[in-house]
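Scroll down for the structure; my scribbles are underneath it.
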Amino acid sequence: MRVVITGGAGFVGSHLVDRYLRDGHDVVAVDNLCTGSLQNLDDAGEHPRLTFVRADAAAPLQIRGGVDLVLHFASPASPAHYTRLALETLAVNSAGTGHACDLAERTGARLLYASTSEVYGDPLVHPQPETYWGNVNPVGERACYDEAKRFGEALITTRARRGPLDARIVRIFNTYGPRMAAEDGRAVPNFIAQALAGTPLTVYGDGGQTRSFTYVDDLVEGLVRLAAHDGARGAIVNLGNPEETTIAAAAAVIAELAGVPLQVEHRPLPPDDPTRRKPDITRARQLLGWEPRTPLREGLTRTLAWWRSARPAS
């Protein structure tokens, strides 16, 4: 099988590259490196079945030859990145999603689109099932990401209804693990970087807001199953951890695992920051036989070990 992965040098994308190579497939990784890094592909190295294309996935995808699967994962995904790259985020999830659909239709490939739990906004329904339409501010600071992903979903589902496109959509909840960028701005990399530097951990609000922390290996397993499932055409599936964790609790665990006293610096909650996150993963369990397997402490221990080895003290 030949797999095209946009955002292939990103956090999740690079783990998908590794998985599909390990499973014996040919992989084309497309990335403009605006938030991704070639270091994320170090494990793939000079693999003979890997082709890296430096290109903007918001432009037409110039991929020659046959393609069996398109994974559209190109997009800034953290508030720090999509705020800085707001227009680029809108473009890659609108025009870029259209180009991913074009490639899939032209080659007869299957398409998997990486959407997000942010389509639910600050939810009024808890936990969040795929049938929930969300509570999103369409003109707020986060709209460049939230609404871009909602538009990407609308574009794909509309094209699938009107044509031959075999597509499915995954709504990804808070994922963490090796290769998260230090400047990512999300809770786990922030806390790890601060704990290892011996500085207070920045907690926004009172820390009582919750997240669904999913280890990246678990997410990748769900993605591979969803992409391969012949009966998932047109499906929208939550992939996340139904075990709710407060931000304050996550900070305490990371400080403990890093072996440092817990010091916290509270800052105001950012606008439209969701107060609760918990996926209903009934559909993933029934359709894919999937649920996360890695406990938070185990996943954070692995992530800390990678962080220490990848970023040695100067």
Of those in region 62-92 that are more than 17 Å from Tyr20 (Cβ to Cβ) and in contact with a strand residue (DSSP E or B) (Cβ under 9 Å, 6 or more places away or on another chain), the residue surrounded by the most Cβ atoms within 10 Å (Cβ to Cβ) is Ser75
The number of residues in region 172-207 that are in a loop (DSSP other than H, G, I, E, B) and either under 21 Å from Val119 (Cα atoms) or hydroxyl-bearing (Ser, Thr, Tyr) (or both) is 6
Those residues that are of a type in the set (Asp, Glu) and in contact with a Ser or Thr (Cβ under 7 Å, 6 or more places away or on another chain), I need them from region 145-172; list them, please. Glu153
Name every residue in region 42-63 that is farther than 19 Å from Met1 by Cβ and either in contact with an Asp or Glu (Cβ under 9 Å, 6 or more places away or on another chain) or in contact (Cβ under 8 Å) with a residue 24 or more places away in the chain (or both), in order of residue number. Asp43, Arg54, Ala55, Asp56, Ala57, Ala58, Ala59, Pro60
From the list Val70, Val30, pick out the single residue that is assigned to a strand (DSSP E or B), without any contact (Cβ under 8 Å) to a residue 60 or more places away in the chain and among the aliphatic types (A, V, I, L, M). Val30
Do we have Ala95 as modelled with pLDDT of 95 or more, part of a loop (DSSP other than H, G, I, E, B), more than 18 Å from the chain's Cα centre (by Cα) and surrounded by fewer than 20 Cβ atoms within 10 Å (Cβ to Cβ) here? no
Note on Ala187: of the conditions (1) farther than 25 Å from Tyr82 by Cβ; (2) modelled with pLDDT under 95; (3) small (Gly, Ala, Ser), unmet is (1)
For Pro138, state whether it is surrounded by fewer than 24 Cβ atoms within 10 Å (Cβ to Cβ), outside any helix (DSSP H, G or I), touching a residue at least 12 places away in the same chain (Cβ under 8 Å) and not small (Gly, Ala, Ser). no
Mind counting the residues in region 50-61 that are closer than 17 Å to Leu112 by Cα and either charged (D, E, K, R) or in contact with a strand residue (DSSP E or B) (Cβ under 8 Å, 6 or more places away or on another chain) (or both)? 2
Would a scan of region 124-132 turn up a residue that is crowded, with 18+ Cβ neighbours inside 10 Å, over 18 Å from Ser75 (Cα atoms) and not charged (D, E, K, R)? yes
Residue satisfying all of: in region 231-287; surrounded by 18 or more Cβ atoms within 10 Å (Cβ to Cβ), assigned to a strand (DSSP E or B) and of a type in the set (A, V, I, L, M); farthest from the chain's Cα centre (by Cα) among these: Ile236
All positions within region 229-243 that are free of Cβ contacts under 8 Å to residues at least 40 places away in the same chain and either closer than 18 Å to Glu118 by Cα or in contact with a helix residue (DSSP H, G or I) (Cβ under 9 Å, 6 or more places away or on another chain) (or both): none
Considering only region 292-303, how many residues are in contact (Cβ under 8 Å) with a residue 24 or more places away in the chain and within 19 Å of the chain's Cα centre (by Cα)? 8
Say whether the condition of being among the small types (Gly, Ala, Ser), more than 28 Å from Val17 (Cβ to Cβ) and out of contact with any Lys or Arg (no Cβ under 7 Å at 6 or more places or on another chain) is met by at least one residue in region 225-247. no
Please go through region 129-155 and give me each residue that is of a type in the set (A, V, I, L, M) and out of contact with any Gly (no Cβ under 8 Å at 6 or more places or on another chain), ordered by number. Val139, Ala143, Ala148, Ala154
When Thr157 is evaluated against the numbered criteria (1) exposed (fewer than 15 other Cβ atoms within 10 Å of the Cβ); (2) β-branched (Val, Ile, Thr); (3) part of a helix (DSSP H, G or I), which criterion, by number, is the only one it fails? (1)
Selection count, region 141-173, where residues are within 18 Å of the chain's Cα centre (by Cα) and modelled with pLDDT under 95: 1
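The values are calculated or read from the model by the stated rules, or taken from the named source; none is laboratory data. Everything quoted here is computed from the prediction, not taken from an experiment. Cβ atoms come from the backbone with ideal geometry, glycine included; neighbour counts cover every protein chain shown.
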